[in-house]
Structure formats: C-alpha cells, structure tokens
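The values are calculated or read from the model by the stated rules, or taken from the named source; none is laboratory data. What you see is a predicted model; the values in this text were computed from it and never measured. Please note: Cβ atoms are built from the backbone with ideal geometry, for glycine as well, and neighbour counts cover all protein chains shown. Surface areas here come from the heavy atoms of the whole protein model, side chains and all, with no ligands, DNA or RNA. Shrake-Rupley method; radii C 1.70, N 1.55, O 1.52, S 1.80 Å.
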Amino acid sequence: MSLLSIRNLSVTFATGRGPFRAVDKVDLDVATGELVAIVGESGSGKSVAMLAVMGLLPWTATVTADRLSFDGKDLLALSPRERRKIIGRDLAMIFQEPMSSLNPCFTVGFQLREAMAAHLDLDKAARQARAIELLELVGIPEPERRLKAFPHQLSGGMSQRVMIAMALACRPKLIIADEPTTALDVTIQAQILDLLLRLQKDSGVGLVLITHDMGVVAETAQRVCVHYAGQQVEMQPTRGLFRDPHHPYTSALLAALPERASGRILPSIPGVVPGLADRPAGCLFSPRCRFATQTCRTIPPPRAGAELGYALCHTPLVEGHPRGLKKLEVPA
Amino acid sequence: MFRFFIRRVALTLPTFVALMFVTFVAVRLVPGDPIEARTGERGIAPERLAMLRHELGLDRPVWQQFLDYANGIVHGDFGVSIVTKTPVLHEFAILFPATLELTLCGLIFAIVLGIPAGVIAAVKRGSFFDHSVMTVALTGYSMPIFWWGLLLIMFMSEYLGLTPVSGRMDLINYYFEPVTGFMLIDSLLSGQEGAFGSAVAHLILPSIVLGTIPLAVIARMTRSSMLEVLGEDYVRTARAKGLSPLRVVGLHALRNALIPVVTVIGLQTGTLLAGAVLTETIFAWPGVGKWLIESIARRDYPALQGGIMLISGIVILVNLIVDLTYVAINPRIRHG
Amino acid sequence: MVDQPLDETILPDGAIIETVPPAPSSLRAFWSAFSENRGAVLGLMVVAFIAFLALFAPLVAPHSPIEQFRQFVQQPPVWAGGTWQFPFGTDAVGRDVLSRLIYGARISLGIGMSVMLVSVVVGIVLGLASAFLRGVVEVVVMRVMDLVVAIPSLVLAILVVAVLGPSLLNTIIAVTVVYLPRYVRLVRAAAIAELSKEYVVAARVAGVGKLRLMFVTVLPNCLAPLIVQAALGISDAILEAAALGFLGLGAQPPIPEWGAMLADSREFIRAAPWIVTLPGLAILVTVVAINLMGDGLRDALDPKLRRS
Ligand SMILES: Nc1ncnc2c1ncn2[C@@H]1O[C@H](COP(=O)(O)OP(=O)(O)O)[C@@H](O)[C@H]1O
Ligand SMILES: [Mg+2]
C-alpha cells in the first residue's frame, strides 16, 4: 500500500478575474521510502498541488480530489484538528525560500523545539537535546550557539539546513521538498541536495522532490511526474522516462539538457506556459508542441495507459515519433 | 545599535532648539506688550515702564533674550504665570498627572479593543465582522471628538444617568490630598470607600472619547499589518508544523504584525495630547489641556509658551522612545 | 482569446498566445477601478451633494443663517413636534438650524479646500526645492517640518491662533501650517524616488533646464500620491477647523461654522438636543464621505498603497 495516494486532485483559485484552475486532475502515489520527483516549468502547479496535500492553501483555494489519502487516512475527510496531528509529524514540508520561511522574530531553537512540543512527548531538556542532535545531523557547526541565533543571522544555505532539521524533527514518514535549492547559491545547491538525499536514504523516509533539475532527477528519483500548466502530462519510472519519453513536453525538456544536446546550440522550448487569459482550447501544450495537429488545438487530449507513461496526449511519442499519426504536420 | 541610538538622540536636539525658538518668537509676536498685559489698561509712568522692561530683560538685544530664555529652559525655568504668579513648570507638574491618567486610560481602551478587533478582522477577512470593524474604524477615524463627547454626555449621563458629567472625582462625598496625582491610585490610598469607584466612573467617558481616534487607527493598522503577515512564508511554515490556529495567528503572525502597530501606537501621543485639549474642555477635566485653553482666554502668555514647550517636549521624547523601542522589539535591527 | 480563428496560418511558435488587449485610456482605467469600490462611489455622491448645497446655499436654504426669529426660539425639528417652517428646528436665539447647517457647509468645505490648495502649492514648491537643491535648503525645510510634526496638531493650531487672533482666515492659516509637513515630505520623497529613474537622467543629459525638469518632467509623476493626500487632507482640515471653532478660536459668531455652532450648544444638552446633534452629524457625515472617497482614490490611483 502506498503511503501517499492522490487521484484527480484539482485546485481552483478564486481570483479577481474569475476562477483559475492551478492544478488539474493530478495523480500521485508515493510508497514508504520512495523518492518521487515532480518536474515542470515555474507556474505549472507543482507547489500548489503539494500545498493542497499539506492543507496549506489560502482560503481562496478550492481543493477537490477523488482520493487524497496519507498513511491510510483520508485527508479530505479529517477534521482540521485531526489533520494538524499528521501535518508536521508524519508529513513534513521544506519550502523554496528558506530565508523567508523562518519567523524573523523567534530564535532558531524556539522554532525547532516548537514542532517537537506540538507532536512529541518530550520534556524541555529532551527537546533541547534533540534540537542539538538535529542541527548536527544537518551539518550545522556549533549547534548550541546556532539555536540561540535569529534567522536573519543565518545564510540561505544555513536556513535551509534548519528547515530540513525542522522537517525531520518528529521523524516523519514523508517529506515534501519544494525546490529546496532553487533560491540558494549554485555552490550551496549541491551540498543541500546531497544532505537531503543522504538523510532520506539513512532514515528511509518517503520524499517528494519538486525540482527543475533533470540531472538530479536522473540520479536520484525512482519515479518522475511531469507537470505542465497545472496538468500532469506524464508519469514514469525514471529509467523509462529518460529512455523513452512519451509526451512531447517531456521529450522537449530532455532535449534541452546540455548533455543531450547534439548541436552547438542548446535547444529550448519556445513560448511560455499559458496563463489564465490565454488557455488554448485543446491540449494546453499545443501552441508550443512540435507535433501539434488540428485535433490537438481543438480537443483536450485523453490520458494514455501505463505503458505510455499516462501521457496526456493525442499522439504519445514512442521512440521519439508520434504514434497513430499517419501524416506528420510540418511545423513552420 | 549604539550608533543608531546616538544618531537618533542627536537628531532630536535641533528640534528642541527650534521648538524653543518658535515659542520664543511666537510669544513676542503676540499683539500687546507683556508689560501691558501685566499692568492692565490703567497705563503706566514712562520711568516705571523702563524699569519693568529692564527687570524683565526686554531692553536687551533680542538674541540675548533668546539665550536667556533657552538657558532658563535648560535649567527648568519655563517662566512665571502672569495670572497665578507661580512658575509654569510647577503648575504644569500639578496638572499633568490628570492628563497622563486620562491619556493612558484612553490609550489602553484603544489598544485593548483595537488590536483584537484588527486581528480578528484580518483573520476573518471579508466577513461581516470585518466589514463592521472597518466601518466603525472609518467612523471613529472621522469623528469630531468634541461632538462625540457631548453625545455621550447627553446619552449616558443626562438620559441614562449612568456616569458623571465632569471632573475627576465626586468632591462632595470624598476628599483627600493628592499623593501621586493619579486619581485611581490616590483614591485607593485614601482608603475611603467608594472613592475608587467614583474615580473610575469619572474616567470612563473621557477615556472613550479620547481613545476613539487611536482605536480606529490601531484597528486599521493591525488589520492591514496582520493581512500582510498572514501571507508570509513563515506563517505557512508555522502551519506546516501542525500548530493550532491560535498559536499560528496569536504568536507567529501577531508578533510580527505588532512591530508596525507599536510604532503607530507610539505616534498617537501627539493625537492623544491634542485630543486631551478637547476632551478636558468638554469634561471639565483639570489637566494641562484645559489649562492651556484657559491660559489663552486669560492672555497668560508665559503659561501658554511654557505649556506648549512642555507638551511638545513630551511628544518629542515619547517619539524618541518609540523609535528606540521599535529597534528593541525587531530582532532584524537589534542584531543588525 | 480561446475563440481565435483556428484555421489561421501557423505562426512562429507561441506567437498566437501573445495578444494583449489594448490598454484602456488611463482616465477610463481610473474610473473603472474607482467605481468598483462601492464605498468610494457613495462617498463621492455625498460629497457632491454637500458641495451642491454649499455652492447654492442662498437658493437652497429656507432662511438666512443669521436671521433671528425671536418668537420661535429653540423650536424642535419636525420629527420632534416642530413645524415645516424650520425643518431642523431653531437654535437658542431663534435662527433656523437647517439654514445654518447649509451655510456652514460653505465654511467647512471652503476651509478644507483652501487649506488643501495652499498646502498642495506650498508643499510642491518646498518639496521639489528640497529634493532638487538638497544641501542647506533641504536640511532647513525638513528640520522645520520635523518641528511642526513634533507639536501636537491642535496645540500648534492654538499657538498660531493665539498669535494671529481668532478668525476664519487665521483658522485656515493655522490648519495649513499644521498639515503642511505631510505634503512637503510626500512631494520630496516622491521626487527623490523619481529623480533616480532613467527618464530624468535622460532629460538631464538632454539639457532640460532645472525648473522645467522639476515641474514638467518630474512633478506629473509624483501626482498620484499627492492627489490622494490632498483628498484625505480636506477631511483632516475640516475636523481641525471645527475643533478650533468649538474652542472659540476659529470662526467667530455669528458665522455659522459647524464647530462654533456646537460650542454654544453645551448648555442646551437637555433642553434642545438637536442643537447639539445636528452640527456634529454634519461634520461626521462630511468627513466620513471625504475619507471614503479618498480611500477609493488611493486604491484606484496608487496601487502600491492599495490595502489588500
Ligand atoms: N494564492 C494564489 N492565488 C491565485 N493563484 C495562485 C495562487 N498561488 C499560486 N497561484 C497560481 O497557480 C499557478 C501554479 O503555481 P505554483 O504551484 O506555485 O507553480 P510551480 O509549479 O512553479 O510551483 C501559478 O500560475 C500561480 O500564479
Ligand atoms: Mg513552486
């Protein structure tokens, strides 16, 4: 049985210009100890989907799902109070902006011990001891002194280490890491990612890793979900995805990897993710798709089966070629 | 931190000097000679006039007079009231506790209602409660408080007979010598039964009237500050820990949201003291505000000059303290 | 945008979805943002109504504001048993309260507008001067403004009136002095912010003269916050002037100033509550309406200041 199981998760925001569907029918399964990656451009609804799982969306959001269960419990059916018992203890999240994710008015130690006080049956001294232990675990030198520091006295990398320690504090079963390194200096990124992956391996915790970095995905994840404009366009085991991507978007993402580029110019995906005002009628990727047909532009695509990576496409690729398409429409 | 402290204090000094200058010049611009004001309309012999002018230093160069005046103020000499012939500082010191008591009660009223109202309005944004708070705040902010005071007297005192109309104490039934000058404390110290209740009853309406505008300002500021903070990443982090909404809002969000609110509260000193002039006039409250207005009516310019100097000095000092407190409660600056 | 012609020739990738509707004219955009705010529109309507009464007071008011009807002293309003001859009743010397209120609107709005206009003009000059000239000018101007702010508003106004003597004109002067710092500080801050922008640098390089740079290039871009401050400043000025009037330091009898009307009413709290209630209500309604309108202006003009 999987630890986290999501079916048809949708999130709609009420905005000044009408409802906006930021997440559209997304599925996800994570087993105990598994590492699942979610990739996709900015604005494709990765964060919103995971915040929906955590129950951290603002009041303007409406969350619907056929199934949203964690550890055998239906998250949507739980009362807020029962849900808060799970959040922060069994299910923890690490955010993209470590600097602004720590409360500037309280010390690191206070914020770290607070999570334990809420969920664990530890006395004050035990919490302090565990806080020191956690900071050592995430590689922060002089933990006693750092516990007394205020967040603005820490660097970005240091803050993210604290956030990781905070997520680990109650020995969770699943951690959601939302682009944990995007906001950091390039030199620090690898360190933080290594730390996270090492801790995941050591403790056997499940990990959902949201990232832009296909290279990291290839090395670490067991399974990959590809998101585009709020939709999940493909989901495959990592190896299969890199060998034979079924959705044109995935294919284009992989083609954009430096190590895969054949020519001198790095290929990129032209255009941008559609926003609220410019949603195409058919497939959302069609305006940018090399293989788009008239059908793609008018009719929303169906979801393919497991053998085709659940690709959301009229003509899923097989070995780089659209399947079931007789005549290829030549792009301009 | 220390450098900031020094710089902030240094910035205050020119303001003080300018304040002395303005009060000095203003009183010299007032129509009518101070001598005339003393001798009345009877007229005066020229040699006596010259002597008086000499006594008061009016025959010396103006800059010399200013230096004398400034020197006096630095040594606590704010002049002598023409009417009562007592030093202005002395009169002020006797009356100021009454104003301070009223101001503090008004401020407490504003804070105790304003902050929770602002917080709840922000948390329940768009709700009926939110709209009500914003409407009341807009009305309070636009309130002519002298009229508000009259309305409350009309309704609470005249119509319902609940509260006394004027003064600080029911002087017919109770009498005791002031000790601290604060009626709430003195009435308790006096040991007279019912005196404290009388002091409280006398304070209610004036405090409400004086606290109305600060209440509106504080509620609005708390709400908007809270709305901003509730969208911050660290509030999301706090919720991600599974903390109770009370703890998330009341501790993590409020602690940050209060930083600008404390500043705004501090900046209400001026509003409160200006409001005290009106409130004390309406409720015959024997404080410095009423005294100031009466000084004008009596053409007691030294009292006016000294009073304005002292009131403004207090506002400048409080603003200074507020700035320093702001630094103290904001760790980002404290350890900057 | 979804219903574009689908059979159109294939454009370079992604170009189709880039179409943006033409920007509406700024005045239209302003009005649509302003009229979205129901409170602001209500405020505007009330202000327009009061301004109408003030402008046409001689035509609208049933009586002269100072004529004393000795046989109708302290007559209650219609709803409390009075007559339609004096719909809002009469005051202690038999003057028609309604007429006095209508003429009072002239005084109050007049004070508010004059204070605002003078403050805006002086504020622009001093603010721009200290932003452009820096140095001694800036230090002196800003220190003086600091001083004015340090003295509680009403206390400063009292000082000014004590020096100049109580009158309508001196009320305007006193209130202007009190509220001037806001305008000066605002213009200076906005101008300094603008000065670092590229278009100003470009204009300077192009050799635009200092005065032209100040008033033609920079000033128009500082106007939005200034307009908002000006609107809200009218209501503050009205309140302050009414307070002075109430203390007997503003407009002198028999001028029908709302604050002064209240000052005489204290003794009639029991006997003639309408004399107490109505002038204050007039002040409150006017000030609330202007503040509502000002808040709407701010939201529409100055998105940075928009309250979330
Ligand atoms: N509170 C919100 N209200 C309205 N729209 C939102 C809100 N939060 C996110 N969105 C929108 O949802 C979309 C997905 O955002 P997000 O999940 O943050 O993307 P990403 O994949 O980069 O994490 C974006 O277009 C964003 O503008
Ligand atoms: Mg994101």
Relative to the isolated chain, which residues of the range C:127-164 have their accessible area cut by 20 Å² or more in the presence of all protein chains (1.4 Å probe, heavy atoms, no ligands or nucleic acids)?
-> C:143, C:147, C:150, C:151, C:152, C:154, C:155, C:158, C:159, C:162, C:163
Going by alpha carbons, how many degrees (0 to 90, nearest 10) lie between the helix axis of A:124-137 and the longest principal axis of chain A?
-> 50
Nitroxide proxy distance, nm - points 7 Å out along Cα→Cβ at residue C:134 and residue B:200 | 6.0
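What does the charge count around residue C:170 come to, taking other residues whose C-beta lies under 15 Å from its C-beta (Lys +1, Arg +1, Asp -1, Glu -1)?
Values: positive: none; negative: C:240, C:257.
Charge balance in the 15 Å sphere: -2.
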Output the DSSP H helices from chain C with an along-axis C-alpha extent of no less than 30 Å and a mean Kyte-Doolittle hydropathy no less than -1.0.
-> C:97-133, C:168-195, C:219-246, C:273-301
In degrees between 0 and 90, to the nearest 10, how far off the longest principal axis of chain B does helix B:128-141 point, with axes built from Cα atoms?
-> 10
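Solvent-accessible area per residue for the protein assembly as shown at a 1.4 Å probe radius, Å²?
Numbers: 44450 Å² over 976 residues.
Accessible area per residue, the protein assembly as shown: 46 Å².
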Accessible-area order for B:326, B:174, largest to smallest, probe 1.4 angstrom, reads B:326, B:174
Distance between the range C:144-186 and the range A:22-97 - C-alpha centres, whole angstrom = 58
Between the modelled labels at residue B:59 and residue B:173 (7 Å from Cα along Cα→Cβ) the distance in nm is 6.1
Ratio of Rg to Rh over the protein assembly as shown (Cα coordinates, Kirkwood Rh, two decimals) | 1.06
State the Cα centre-to-centre distance between the range B:246-323 and the range C:71-142 in whole Å.
-> 25
If you wrap a convex hull around the Cα atoms of the range A:4-221, how much volume per residue is inside, in Å³?
-> 131
Return the carbon/sulfur percentage of the accessible area of chain A, one whole number, probe 1.4 Å, all protein chains in place.
-> 54
The range A:58-96: which residues show an accessible-area loss of 40 Å² or more, assembly versus chain alone, 1.4 Å probe?
-> A:59, A:84, A:95
So the carbon and sulfur contribution to the accessible area of the range C:39-301, 1.4 Å probe, in percent, is 71
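Estimate for me the total accessible surface buried between chains A and B (protein heavy atoms, probe 1.4 Å, no ligands or nucleic acids), in Å² to the nearest 100. Don't jump to the answer; show the numbers that get you there.
On the way: alone 16160 and 18750 Å², together 32620 Å².
Rounded to the nearest hundred, the buried surface is 2300 Å².
Carbon and sulfur atoms: what percent of the 1.4 Å accessible area of chain B do they account for? Let's see the in-between values first.
Working: 10730 of 15750 Å².
Here carbon and sulfur together make up 68 percent of the probe-accessible area.
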Only Lys, Arg, Asp and Glu count, each charged at its Cβ (+1, +1, -1, -1), so figure out the dipole size of the range C:39-301 about its Cα centre, rounded to 20 debye.
-> 580
Computed accessible area, residue B:148, all protein chains, 1.4 angstrom probe, square angstrom | 60
Label-point gap, in nm, between residue A:8 and residue A:244 - each point 7 angstrom along Cα→Cβ | 3.0
For the range B:249-279, residues shielded by at least 40 square angstrom of accessible area compared with the chain on its own, probe 1.4 Å = B:252, B:255, B:274, B:278
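Report the FRET efficiency, 1/(1 + (r/R0)^6), for residue B:155 and residue A:194, where r is their Cβ-Cβ distance and R0 is 60 Å, rounded to 0.05.
On the way: r = 72 Å, r/R0 = 1.20.
Calculated value: 0.25.
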Percent of C-alpha pairs per 5 Å bin, the range B:132-174, short to long | 6, 20, 17, 19, 17, 13, 4, 3, 2
Chains B and C, summed buried accessible surface - 1.4 Å probe, Å², nearest 100 = 3700
Distance violations [Cα-Cα > 21 Å] among A:25/A:173; A:73/A:173; A:148/A:201; A:124/A:148; A:85/A:173; A:85/B:124 | A:25/A:173; A:148/A:201; A:85/B:124
P(r) for the range C:39-301: what percent of alpha-carbon pairs falls in each 10 Å bin, starting at zero?
-> 7, 26, 28, 20, 11, 5, 2, 0
Length gained when the stretch residue C:167-residue C:69 is fully extended (0.36 nm per residue, less Cα-Cα span) | 32.7 nm
